[in-house]
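Each remark here refers to the structure printed beneath this line.
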Amino acid sequence: MTLLVRDIAPADHDAWRALFHAYGVFYETELSDEVLDHVWSALLGGALRGFVAEQNGRVVGIAHVRTHVATFSVGEDWYLEDLFVDPEARAGGVGTAILEHLIKIARYEGGGTLRWVTAESNATAQWVYDKLAKRTTWVTYEVEL
């Protein structure tokens, strides 16, 4: 089984859209066509960086990352906005491969810190994350604007 993690490309649109829609369903969030179009535009326009995982030529995973100036270190701060793996491809190392790819790229591009959050109830993802990263004690707050 061949697994490749790479930058997202315009030809990935349909597969990306299906996976990102499924990601929304997973988190019980309806992603409208307007939102899907907005995120796709951000991915192609450089506001977000997108990555896909291909397994045997089929896109089975997606990740969206943004960077910004770090205030506690010299390197960039990397923030993993979204990570989703097709349920049929889970437990095959796809999520781990995506995260390892992001870590490698971030280190190559100058280091810093890669962060992400997940739902407290997402124990499956946490099982993977706990192997690759240090769980922090930070509490997240948000304000809908």
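The values are calculated or read from the model by the stated rules, or taken from the named source; none is laboratory data. All of these numbers come straight from a predicted model, not from anything done at the bench. Neighbour counts run over all protein chains shown; Cβ positions are idealised from the backbone, glycine included.
Can you list residue pairs whose Cβ atoms sit under 9 Å apart, with the first residue in the stretch 47-64 being surrounded by fewer than 17 Cβ atoms within 10 Å (Cβ to Cβ) and the second being in a strand (DSSP E or B)? Count only pairs 6 or more apart in sequence or on different chains.
ALA47/ARG66; ASN56/LEU3; GLY57/LEU4
So which helices (runs of 4 or more DSSP H) are wholly in the stretch 1-112 and hold at least 2 residues that are more than 20 Å from GLN126 (Cα to Cα) and touching an Asp or Glu at 6+ places or on another chain (Cβ under 7 Å)?
Passing ranges: none, list empty.
Does ALA70 fit the bill of being of a type outside the set (Val, Ile, Thr), surrounded by 14 or more Cβ atoms within 10 Å (Cβ to Cβ) and closer than 29 Å to THR2 by Cβ?
Taking the combined requirement at face value, the residue does not satisfy it.
Please pick out the residue among ASP82, ASP37, ASP86 that is exposed (fewer than 13 other Cβ atoms within 10 Å of the Cβ) and either free of Cβ contacts under 8 Å to residues at least 12 places away in the same chain or closer than 19 Å to THR118 by Cα (or both).
ASP37
What number of residues in the stretch 108-127 are within 16 Å of ALA63 (Cβ to Cβ), at pLDDT 85 or above and not aromatic (Phe, Trp, Tyr)?
4
Listed here are the residues, each with its yes/no results for (1) under 15 Å from the mean Cα position of the chain (by Cα); (2) closer than 20 Å to TYR129 by Cβ; (3) modelled with pLDDT under 90.
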residue	(1), (2), (3)
ASP37	no, no, no
LEU48	yes, no, no
PHE51	yes, yes, no
GLY61	yes, yes, no
THR67	yes, yes, no
ALA70	no, no, yes
ALA97	yes, yes, no
